[in-house]
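One structure is given here, and the rest of the page talks about it.
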Amino acid sequence: MQKGVTAVGTRFIDFRRGAKLYFQRGSYYYCRNKLEQALACYRRAVAVDPGNPVNHFNLACLLTEMGKYQESISLLHSVTQMDGDLNESWFWLALNHGQLRQYREAGRCLREYLEREPYGDYSWQAEEILHFLRSELPMLDPEQRSIIENLCLRGIELASQGLLEEAAKLFAEASSLEPELSAPKNNLALTLFYLGEVDRALAVCREILEIHPENVYANCNLALFYQILGDQLAVRRQIDVLDGIWGDDPDDMMKLGTTYGLLGQDRKAYAVFSHMRSLGVNSFALLLLLGVSACNCGYRAKALQIFDAINAAEPDNPYRAYRDFCAEATGCKLPYSMGIPNPVLALALEDEGMGAEQELKKARNLWPQLLWIVRNGGAAVRGRALRVIKHLNHQPLTRLVSACVWDDQIDFRCRSDIFAVLTQMGVPVWKERYWNRGRFSKNRAVVLETALEYLYNHGCGFAALHGTYMAWQFFCRKSKAPVRNTALWSAALIALQQGRESWPALSARFGLRGEELRQVLSRLSCYSII
């Protein structure tokens, strides 16, 4: 007898038709947002015709929408076993696992769906979610993410100092905390390769690509490893892979374009950097590499135009010589590595001994380039530049660096790093001479200096001092209130940063009555941006 049909005497009843009616009724309720009634009808459809995977699938989707994720997962697993062609089940499984914060399983289901349906209805959404999981890895709690980021930053710093074995240990530790996170492993692979542990470096790259086949950094590193090893066949195969993983992520595309350049694929590098420019990316690094690739392709007029624009916008940049090199048309190619062209500056930054540093001390014409590196370089190169400045401990150079601390046109992290180094050198950058520059009248300057010195002496870092400086600057710009009792206003400014619990100590320290401190603090709070 045919499945789904039973016999009563000589009359046949088709239960599948009943299931269809229940499904239609459920859809009617669903369209009117009556989800409980819809759920009851969908359950009835499954009960009447349990062998129909579509009924199970529709019920599972409704359960997902109603937040019943675990029940939906159970149903969808049944669907995958009942009908191997209903591949949308894998996408909905991923959604359910994601809602339950089971991100690894969600990623596995998305990859399964894309393997089965690379051009399916949900494929672009699956790609977007996978990209998010790869880059953000939301299964990390904030504390774990912070630990991993700090380990990687310390590893990068050690690697920049040539301490590769110590750096590799930190990258390995970061990777062990979350094996699916690719950034620590990519750093580990590079470090192992530089240490001469070629097989381990290649194995780490392949391990990344098993989880994330289109990871740009791992694929680029693999191509460069093969190039250094002289395996041209593997290089050509890897270039074919790189050609298929273009995207819109600026960091990925910068890595891809630079890798093409290092592999001698100048036209492909130029195409990548031009594509990024068309997307509105306008960073100094991109423009410089666009000029480099244009020059190396023989597009001299275009390259000169780019270098002229760069030098006009950033007159102190250390790559000014690239323009002259391009204009001379020597037949040699410009480097994609973005190493510092000036040998004195480069040697000083590479810790090649005090000789280069002492030569830099005399070469005042190079100081603007050194300061440009401090202001615009990444964390690792900025750290090297600040170490050079600290070792030299040369007052005229230190004075120039000090002017950066309170310059709000400079990145906050950069100013925080400068502040840390200068205070290690004993430079009192909280003093008025470092930040006033005519912005504050005499009494108002005394208030701010007193507050900053108090906060610094009580263990506050640059973030607290900077917040206090900005709050006072904002108050002075907006309020014309007379400032006669500087101690009272200084105490109020400190209390604004430290909170109500600091009032008794501040009143005793500055010889104030609690009520007058409260009144001034109330006036100051009206303008607070802390």
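Just so you know, all these numbers are worked out from the coordinates, no wet-lab data involved. Predicted, not measured: the structure shown is a model, and the values here were computed from it. Cβ atoms come from the backbone with ideal geometry, glycine included; neighbour counts cover every protein chain shown.
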**Complete:** Rounded to whole angstroms and listed largest first, the alpha-carbon spread of the stretch 440-530 along its three principal axes comes to 29, 29, 22
**Cβ-placed point charges (K, R +1; D, E -1), dipole of the chain about Cα centre in debye, nearest 20** = 2180
**Gyration tensor (Cα) of the chain, equivalent ellipsoid semi-axes in angstrom** = 56, 39, 20
**Prompt:** Dipole of the stretch 142-328, Cα-centred, from +1 at each Lys and Arg C-beta and -1 at each Asp and Glu C-beta, to the nearest 20 debye?
**Reply:** 640
**Request:** Using only Cα atoms, locate the centre of the stretch 280-332 and the centre of the stretch 447-487, then give the distance between them in Å, rounded to an integer.
**Result:** 44
**Prompt:** Hey, fewest Cβ within 10 Å first, where do 211, 418, 373 land in order?
**Reply:** 211, 373, 418
**Folded to 0 to 90 degrees: helix 379-392 orientation relative to the chain principal axis, Cα** = 20
**Note, ³J(HN,Hα) from phi for the stretch 411-419, Karplus 6.51, -1.76, 1.60, rounded to Hz, x at Gly and Pro** = 3, 4, 4, 4, 5, 5, 5, 4, 4
**Item:** Orientation-averaged projected area, Cα convex hull of the stretch 342-429 (nm²)
**Value:** 5.1
**Request:** Sort 222-230, 312-320, 243-251 for me by packing, meaning the mean count of neighbouring Cβ atoms within 10 Å per residue, highest on top.
**Result:** 222-230, 312-320, 243-251
**Message:** For residue 68, give me every one of the lysines with a C-alpha distance below 24 angstrom, ignoring sequence neighbours fewer than eight places off in its own chain.
**Reply:** 20, 34
**Asked** So how far, in whole Å, is the C-alpha centre of the stretch 218-256 from the one of the stretch 402-435?
**Response** 41
**Request:** Please list, or write none, the lysines whose alpha carbon is within less than 30 Å of the alpha carbon of residue 361, excluding same-chain residues fewer than 8 places away.
**Result:** 390, 431
**Percent breakdown of C-alpha pair distances by 5 Å bin, ordered from the shortest bin, for the stretch 375-530** = 1, 9, 19, 21, 18, 13, 9, 6, 4, 1, 0
**Request:** Apply the Debye scattering formula to the stretch 234-347, with a single equal point scatterer on each alpha-carbon and no solvent, then give log10 I(q)/I(0) at q = 0.16 Å⁻¹.
**Result:** -0.72
**Theoretical ellipticity at 222 nm over the chain - DSSP helices of four or more residues, -39500 (n - 2.57) apiece, nearest 500** = -22500 deg cm²/dmol
**Request:** Rounded to the nearest 10 degrees, what's the angle between the helix 88-99 long axis and the longest principal axis of the chain, both from Cα atoms, 0 to 90?
**Result:** 50
**Surrounding net charge for residue 446, when Lys and Arg each add one and Asp and Glu each subtract one, Cβ distance under 12 Å** = +1
**Message:** Which order do the peptides 38-45, 186-193 come out in when sorted by mean C-beta neighbours inside 10 angstrom, highest first?
**Reply:** 186-193, 38-45
**Prompt:** So which aspartates and glutamates pass the test for residue 268, namely a Cα distance under 14 Å, with those fewer than 8 places away in the same chain ruled out?
**Reply:** 240, 243
**Request:** Using the Cα centre as the reference, give the magnitude of the dipole from point charges on the C-beta atoms of the stretch 269-382 (Lys, Arg: +1; Asp, Glu: -1; all else neutral), rounded to the nearest 20 debye.
**Result:** 320
